[in-house]
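Enquirer: Pasting a structure here, questions to come.
The values are calculated or read from the model by the stated rules, or taken from the named source; none is laboratory data. Since we're looking at a predicted model, the values are computed, not measured. Ideal geometry is used to build each Cβ from the backbone, glycine not excepted, and the neighbour counts take in all protein chains shown. Note: areas computed on protein heavy atoms with side chains; ligands, DNA, RNA excluded. Shrake-Rupley method; radii C 1.70, N 1.55, O 1.52, S 1.80 Å.
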Number of protein chains: 2
Amino acid sequence: MPHEAQKAIARQSLLLRSLPEQHVDTLLRQAVWRQYDRGETIFLQEEEAKAVHVVLAGWVKLFRVTPTGAEAVVSVFTRGDSFGEAVALRDVPYPVSAEAVSPCEVMHIPSPVLLSLMREDAEIGVSILAATFTHLHSLVAQLEQLKAQTGAQRVAEFLLNLCEVESGTCEVELPYDKMLIAGRLGMKPESLSRAFSRLKTVGVKINRNHADIADIDVLRDYAENDPSER
Amino acid sequence: MPHEAQKAIARQSLLLRSLPEQHVDTLLRQAVWRQYDRGETIFLQEEEAKAVHVVLAGWVKLFRVTPTGAEAVVSVFTRGDSFGEAVALRDVPYPVSAEAVSPCEVMHIPSPVLLSLMREDAEIGVSILAATFTHLHSLVAQLEQLKAQTGAQRVAEFLLNLCEVESGTCEVELPYDKMLIAGRLGMKPESLSRAFSRLKTVGVKINRNHADIADIDVLRDYAENDPSER
DNA sequence: CTCCAAACTTGACAATTGTCATGTCACGAC
DNA sequence: GTCGTGACATGACAATTGTCAAGTTTGGAG
């Protein structure tokens, strides 16, 4: 029983937005709509994929658990993001687990529905590839960050991505837990705290889940250039 | 002027192997076959993708160059590997650069050829998704390694992946430069040297581009568990 | 064969990060 | 309201890694 507002969000998602109206309707009609509480599991690593997921509200994290139990956050998704495309269309297990990190609404499109529609119209395949490419690209960007930037620089880029404007002053809300931000950026919470302190020297003030950026250009310069100064 | 042996390698690639014979022939016939010298560029970051690439011989690295000039290796491909699928089918620029790190033979399938065939048979789309998923998965695995393992552990896993057997003693050849191995594993060459020294305590001896592993299980245990012992 | 440039190793040192311990603060249960 | 749990900050310390500066080795060019 999806609300019209939810449908509107789904239509705007990267996965669906370039599809003809008629196909989107078919998919929305056959989708499963669910709510999740904070901390609830959406699917587990090694589980067989049976659907593609679209986040309508809230935040979802994808993560891997190592043999030793350590957790590595792979990505964090929110309204309009889809995930699991490449996995659902082949009978392979998920390489990651998914968990709601805030109360969430998620739409699930069963893979058989998507598959059959794909055989009717090759355009669907291109749409799925578009969404998959976006994930690929974001993973590549993350890899670059991890390999070539210091912790404080990664935090700076994270903040820059939250900014709506291109330059000048900006205030942003941290979208989720600092613990999760730390995980997403590949560091421990303590290191994130220290990274925030360092950013004070480039005009960043953190207050609760609220960040004040004095000058976006200064911060961007810090993110892209030398961490050695100061 | 492809050799039969080259065609055979292409047919076995993840991208083509599940396609009906007839389609594979169509693709092979319209593909471009090229050789590259060591160090030669195959394509550059930001360049528009016009083809999907399949490595027939030699080694190719994909990497990103940061605004400051630092280089982050994203992946290293060899015989039978394909790359650029998700990019070629949409008019978007490559997120990475590609360079031959040894003399190479590479087959290029122009994207229009693939696209038109895809509209004829949706099965092609599934094949492309299969290859793309493999890349996605390997990037996720890399992210996990970078975030959750020490340098020496990553080197251990790298060696384990080179082993043909499951347990016991094993000798492997390092497939390419130690500098490139270091880049692929997200560390400096000096750190790689040190990581190799540490692995001596778990029965690994490095000689030139040759590694002797005394006991694969011991090494696997090191890779998966605590780096603190010893 | 000789020589050179690049790859590689090693040591000393500095910077960064993880770990452990402690303390504060906010928020929900009660 | 009080209590208690978990998030967050911070300091001290250890471990890891990057940086810089030698040396050694290796694989061609000539």
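Enquirer: Evaluate Rg over Rh across region A:4-147, taking Cα atoms for both radii and Kirkwood's formula for Rh.
Expert: 0.96
Enquirer: For region A:87-230, report the translational diffusion coefficient in µm²/s to the nearest whole number, using Stokes-Einstein at 37 °C, 0.692 mPa s, and a Kirkwood Rh over Cα pairs.
Expert: Approximately 185 µm²/s, per Stokes-Einstein.
Enquirer: Can you spot the lysines whose alpha carbon is less than 23 Å from B:K205's alpha carbon? Ignore those fewer than 8 places along the same chain.
Expert: Straight-distance partners of B:K205: B:K178, B:K188.
Enquirer: Label-to-label distances across copies for B:D121, with labels 7 Å out along Cα→Cβ, in nm, shortest first?
Expert: 2.3
Enquirer: Here's something else I'd like to know. Could you tell me which residue in chain A puts its beta carbon nearest the axis mapping A onto B, with the distance rounded to whole Å?
Expert: It is A:G125, 2, counting Cβ atoms only.
Enquirer: Are there residues in region A:57-84 whose accessible area shrinks by at least 20 Å² when all protein chains are included rather than the chain by itself, and which are they (probe 1.4 Å, ligands and nucleic acids not counted)?
Expert: Residues shielded by partner chains are A:R64, A:T66, A:P67, A:T68, A:A72, A:V74.
Enquirer: Right, next: As I understand it, the value is the acute angle between the Cα axis of helix B:123-148 and the longest principal axis of the Cα atoms of chain B; what does it come to in degrees, rounded to 10?
Expert: Roughly 20 degrees, rounded to the nearest 10.
Enquirer: Counting only C-alpha contacts under 8 Å and six or more residues apart, can you give the relative contact order of region A:4-147 as a whole percent?
Expert: Relative contact order of region A:4-147: 33 percent.
Enquirer: Sequence neighbours fewer than 8 away in the same chain don't count; with that in mind, list the lysines whose C-alpha is under 30 Å from A:K7.
Expert: A:K50, A:K61
Enquirer: Provide, as a two-decimal number, the C-alpha radius of gyration of region A:149-224 over 2.2 N^0.38 Å, N being how many residues it has.
Expert: 0.97
Enquirer: I've got another one for you. Please give the charge dipole size of chain B, origin at the Cα centre, charges +1 on K and R Cβ atoms and -1 on D and E Cβ atoms. Round to the nearest 20 debye.
Expert: 500 debye
Enquirer: Right, another one. Can you compute the modelled spin-label distance between A:D217 and A:R29, with each label point 7 Å from Cα toward Cβ, in nm?
Expert: Once both label points are built, they end up 5.5 nm from each other.
Enquirer: What net charge do the residues around B:V73 carry, taking every other residue with its C-beta under 15 Å from that of B:V73, with Lys and Arg at +1 and Asp and Glu at -1?
Expert: With Lys, Arg at +1 and Asp, Glu at -1, the neighbours total +2.
Enquirer: Quick one: dipole size for region B:123-171, taken about the Cα centre, charges +1 on Lys/Arg Cβ and -1 on Asp/Glu Cβ, in debye to the nearest 20.
Expert: Approximately 280 debye in magnitude.
Enquirer: Relative to the other copies, what are the label-point distances for A:A141, with labels 7 Å from Cα along the C-beta vector, expressed in nm at one decimal and sorted shortest first?
Expert: Spacings between copies for this position, smallest first, are 2.5 nm.
Enquirer: Separation between the B:Q45 and B:S138 pseudo-spin-labels, each 7 Å from Cα along Cα→Cβ, expressed in nm?
Expert: It is 1.9 nm.
Enquirer: Considering amide H positions built from the backbone, and no H for Pro or chain starts, which residues 5 or more places from A:V74, or on another chain, come under 5 Å of its amide H?
Expert: The answer is A:L62, A:F63, A:R64.
Enquirer: Now a separate question. Return the single residue from B:V73, B:V32, B:V60 with maximal mean-square fluctuation; model: Gaussian network over chain B, springs between Cα atoms under 10 Å.
Expert: B:V32
Enquirer: Please give the calculated 222 nm ellipticity per residue for chain B, where each DSSP H segment of at least 4 residues contributes -39500 (n - 2.57) and the sum is spread over every residue; nearest 500 deg cm²/dmol?
Expert: Counting only the DSSP helices, I get -13000 deg cm²/dmol.
Enquirer: I've got another one for you. Among the GluC sites (Glu not before Pro) in region A:107-184, which ones are in a DSSP loop with at most 15 other Cβ atoms within 10 Å of the Cβ? Mind listing them?
Expert: A:E164, A:E166
Enquirer: Could you work out the local net charge near B:G183, counting Lys and Arg as +1, Asp and Glu as -1, over the other residues with Cβ closer than 14 Å to its Cβ?
Expert: With Lys, Arg at +1 and Asp, Glu at -1, the net is +2.
Enquirer: Quick one: pull the percent of accessible area on chain B belonging to carbon and sulfur, 1.4 Å probe, ligands and nucleic acids left out.
Expert: 48 percent
Enquirer: Follow-up. Please find the FRET efficiency linking B:D177 to B:R90, where r is the Cβ-Cβ separation and R0 is fixed at 30 Å, and quote it to the nearest 0.05.
Expert: It comes to 0.35.
Enquirer: Take the alpha-carbon centre of region B:1-77, take the same for region A:85-145, and report the distance between them in whole Å.
Expert: Value for the Cα centre distance between the two parts: 24 Å.
Enquirer: Also, I was wondering about something else. Between B:S167 and B:A5, take the C-beta separation as r, use R0 = 30 Å, and let me know the FRET efficiency to the nearest 0.05.
Expert: 0.35
Enquirer: Something else: Please report, in whole Å³, the volume per residue of the convex hull around the C-alpha atoms of region B:1-45.
Expert: Convex hull of Cα atoms, per residue: 112 Å³.
Enquirer: A further question on this structure: In whole percent, what relative contact order does region B:13-78 give with Cα contacts below 8 Å and a gap of six or more residues?
Expert: 21 percent
Enquirer: Here is a follow-up. State the percent of C-alpha pairs, over all pairs in the protein assembly as shown, separated by a distance greater than 30 angstrom.
Expert: 50 percent
Enquirer: Sticking with this one: Give me the dipole magnitude in Debye, nearest 20, for the protein assembly as shown about the Cα centre, with unit charges on the beta carbon: positive for Lys and Arg, negative for Asp and Glu.
Expert: My answer is approximately 780 debye.
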